[in-house]
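Since the structure comes first, as structure tokens, the remarks are kept for the end.
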Amino acid sequence: MPTSDDDALGAIRFGYGLRPDRAPPPASGIADALRRPDPTEQAFPLPPREIVDSHQAELRRMRKKVEAGDPAAVARDAVIRAEKRAFLKTIHRTVVARALDSQVPFRQRLTMFWADHFTVSTTALDQQLYIGGFLDQTIAANMAGPFADLLKAVITEPMMLTYLDQLSSIGPHSRAGIGSKRGLNENLAREFIELHTLGVGGRYTQTDIREMAELLTGLSYSNETGFRFDIEIAEPGGENVLGRTYGGPRPLFRDILAAMDDIAVHPDTARHISHKLAVHFVSDDPDADLVDAMADAWQASGGDLPSVYAAMLDHPAAWSRPRAKIKPPFDLVLSTLNALGLTGQDIMRMDEGLLDQKVVGPMSAMGQPFFQAPGPDGWPENPRGWITPQRLAFRIRWAMDAPGRLVPQLPDPRDFLTVALGDAASERLRFAAEAAETPQQGIGLVVASPEFNRR
């Protein structure tokens, strides 16, 4: 169990760092706080999801008209793209503002973890819209309950169905499939099994993937009605997935949900995602007993995610020192903003150019463009993904320059050091901060230090 001595470590490892204007939340209460809503999500609402869907639908229509040579569509296509980019800037601001003001920082970290876990690989603009569009209604609404609920919500996402080509997947023996040139598409089934549940090392076969793909046929949506189950394209008959048969002569949506319920509590799912959570929050090579405790909690609770999070937070390995995880660029930038005392309102009022140049843009230069993971397996956890000569050099340049641009008056570097690192600063770093010729240099040395770059 964590103690009061772990409060600062908890804010750094399971949140976005320490602040000068409030004490870190008690480490012993991090798991319990997650079960309560975070008022920050209401204070900084994301634009309605319907805006994302309408933009995407209209853009698809315009693309078809552009391809057909319609000159009016070219101008409209440009307008829609500009609106989408403005919408994305709002998402960027909102996510950063929430992270700074959150009363439950662990909740915001988990939101980003699950958004990354369920990412898709598509164009940069669409990928950002996809994630930004489902943060609230899908991720935040379901990440503190059964994993099966989160899984169902994500897999039936219209954008998930679109980007993984599920809309073109037709059961070979369905009413629409017989005699059709269109066929089965395994993209969604493969990512569902290999990435979202059992993991690449799970006990499944190619046959399981194909049977799952046949079971998933029928998942569809339209701009008019949203998500729907289309029996015309659904494969009839039973599908055997991981040794269990789902479905019958008449395809039913509830058979897909039943399979998701079972796979959500499969032992391989429990271990795969428990390990992934432990790697993300605790260590690149997590303690085996920690992962076992989390997987056991998963199985005992039927995949209740708060029980799994609590098992992680209650384990001694979660509070190990020294801090060894390298902060990804997003975490580095957010923890710097927190240590400087910036608030969510500061971010919402910030000049767009400054926000782009010193907050959002630098994440790209450090290797983590906002909501644009390089592949469907999300961002790398290995430090080699972040610490290359070029990216490390940019971290240092950003650390030495950005703080002085982000706040009107910099604090004393000695005070900043205490705020940012608590008792984790080395004597060498303390001496450097005290000996710096200017506040900007002193604070830059702290932000660029190995101690601050680890969590």
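Coordinate-derived values only; no laboratory data. None of these values were measured; they are calculated from a predicted model. Don't worry about glycine lacking a Cβ; one is built from the backbone with ideal geometry, like all the others, and counts go over all protein chains shown.
Numbers for the structure displayed
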| quantity | calculated |
| --- | --- |
| For segment 94-103, 3J(HN,Hα) per residue [Karplus equation, 6.51 cos²θ - 1.76 cosθ + 1.60, θ = phi - 60°, Hz, x = Gly/Pro] | 5, 5, 5, 4, 4, 4, 6, 9, 4, 7 |
| Relative contact order %, segment 329-448, counting alpha carbon pairs below 8 Å whose residues are six or more apart | 27 percent |
| Karplus 3J(HN,Hα) series, Hz, for segment 378-390 with 6.51 cos²θ - 1.76 cosθ + 1.60 (x for Gly, Pro) | x, 6, x, 9, 5, x, 5, x, 10, 9, 10, x, 5 |
| Amide N of segment 178-205 lying under 12 Å from the label point, which is placed 7 angstrom from the Cα of D377 along Cα→Cβ | 194-196, 199-202 |
| Sequence-distant residues sharing a close amide H with V241 (under 5 Å, placed H) | Y246 |
| Average Cα contact separation per residue, segment 42-172, under 8 Å, 6 or more apart, as relative contact order % | 23 percent |
| The chain - percent relative contact order, Cα under 8 Å, separation 6 or more | 18 percent |
| Note, ³J(HN,Hα) from phi for segment 324-339, Karplus 6.51, -1.76, 1.60, rounded to Hz, x at Gly and Pro | 10, 6, 6, 5, x, x, 4, 5, 4, 5, 5, 5, 5, 4, 5, 5 |
| Magnitude of the charge dipole, the chain, Cβ model with Lys/Arg +1 and Asp/Glu -1, debye to 20 | 1060 debye |
| Cα gyration tensor of segment 102-185 - equivalent ellipsoid semi-axes, whole Å, descending | 32, 15, 8 |
| Amide hydrogen neighbours beyond the local backbone of A373, cut-off 5 Å, H modeled | none |
| Evaluated at q = 0.10 Å⁻¹: base-10 log I(q)/I(0), Debye formula over Cα of segment 329-448 | -0.32 |
| Cα centroid of segment 360-424 to Cα centroid of segment 141-176, whole Å | 35 Å |
| Fraction of the pair-distance distribution of the chain above 36 Å, Cα-Cα pairs, percent | 32 percent |
| Listed residue pairs exceeding 27 Å between alpha carbons, taken from K65/K358; K89/K276; K64/K181; K84/K181; K64/K84; K152/K327 | K65/K358; K89/K276; K84/K181; K152/K327 |
| Directionally averaged shadow of segment 160-264, computed from the convex hull of its alpha-carbon atoms, nm² | 6.4 nm² |
| Separation of alpha-carbon centers, segment 6-20 and segment 433-453, rounded to whole Å | 19 Å |
| Simple Cβ-charge dipole of segment 160-264, Lys/Arg +1 and Asp/Glu -1, about Cα centre, in debye nearest 20 | 180 debye |
| Cβ-Cβ FRET estimate between E352 and S28, R0 fixed at 30 Å, reported to 0.05 | 0.15 |
| Shape box of segment 380-455 [Cα atoms, principal axes, largest first, Å] | 35, 27, 17 |
| Label zone at N240 (point 7 Å along Cα-to-Cβ), backbone N below 16 Å, segment 186-214 | 204-214 |
| The chain: calculated mean residue ellipticity at 222 nm from DSSP helix runs of at least 4, using -39500 (n - 2.57) | -16000 deg cm²/dmol |
| Simple label model, 7 Å out from Cα along Cβ direction - R175 to A124, nm | 4.5 nm |
